[in-house]
1. Could you pull out the GluC sites (Glu not before Pro) across the chain that fall in loop regions by DSSP (anything but H, G, I, E, B) with no more than 12 other Cβ atoms inside 10 Å?
2. Given a 1.4 Å probe and every protein chain left where it sits, what share in percent of the accessible area of the chain is carbon and sulfur?
3. When the helices in the chain are scored as -39500 (n - 2.57) per DSSP H run of 4 or longer and the sum is shared across all residues, what 222 nm value do you end up with, to the nearest 500 deg cm²/dmol?
4. Sequence gap of 8 or more, or different chains, plus Cα separation below 13 Å: how many lysine pairs satisfy both in the chain?
5. To the nearest 20 Debye, how big is the dipole of the chain about its Cα centre, given +1 on the beta carbon of each Lys and Arg and -1 on that of each Asp and Glu?
6. Trypsin sites (Lys or Arg not before Pro), restricted to region 27-56: which are DSSP loop and have at most 14 other Cβ atoms within 10 Å?
7. With a 1.4 Å probe and all protein chains left in place, how much accessible area per residue does the chain have, in Å²?
8. How fast does the chain diffuse by Stokes-Einstein, in µm²/s, taking the Kirkwood radius from C-alpha pairs at 37 °C and 0.692 mPa s?
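The values are calculated or read from the model by the stated rules, or taken from the named source; none is laboratory data. These figures come from a predicted structure and were not determined experimentally. Quick reminder, even Gly has a Cβ in these numbers, built from the backbone with ideal geometry, and neighbours come from all protein chains shown. Calculation scope for accessible area: heavy atoms of the full protein, side chains included, ligands and nucleic acids excluded. Shrake-Rupley method; radii C 1.70, N 1.55, O 1.52, S 1.80 Å.
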Amino acid sequence: SKLRKEMKKVRVTQVRSAINRPQRQKLTLKALGIKKLNRPKEHDLTPQVEGMINKVKHLLKVEEI
């Protein structure tokens, strides 16, 4: 079996409100599983997740774990 490269994990926390943001940004937060402010959510750092984080990074705090 191939050696699987260990996937980086990130903890994503919404720290700014989604009020008065474009619908697309609200949907991106929803896709990341973020429901409320200051509730962290952990993800494997895939290219897809990284792209979503970059789209709404002004609303988030992102920590590597």
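1. Here the GluC sites (Glu not before Pro) that fit, given the DSSP loop and packing criteria, are 6.
2. 50 percent
3. Calculated mean residue ellipticity at 222 nm is -8000 deg cm²/dmol.
4. So the count works out to 8.
5. Dipole size: approximately 240 debye.
6. Passing both the DSSP loop test and the Cβ count: 35, 36.
7. 81 Å²
8. 266 µm²/s
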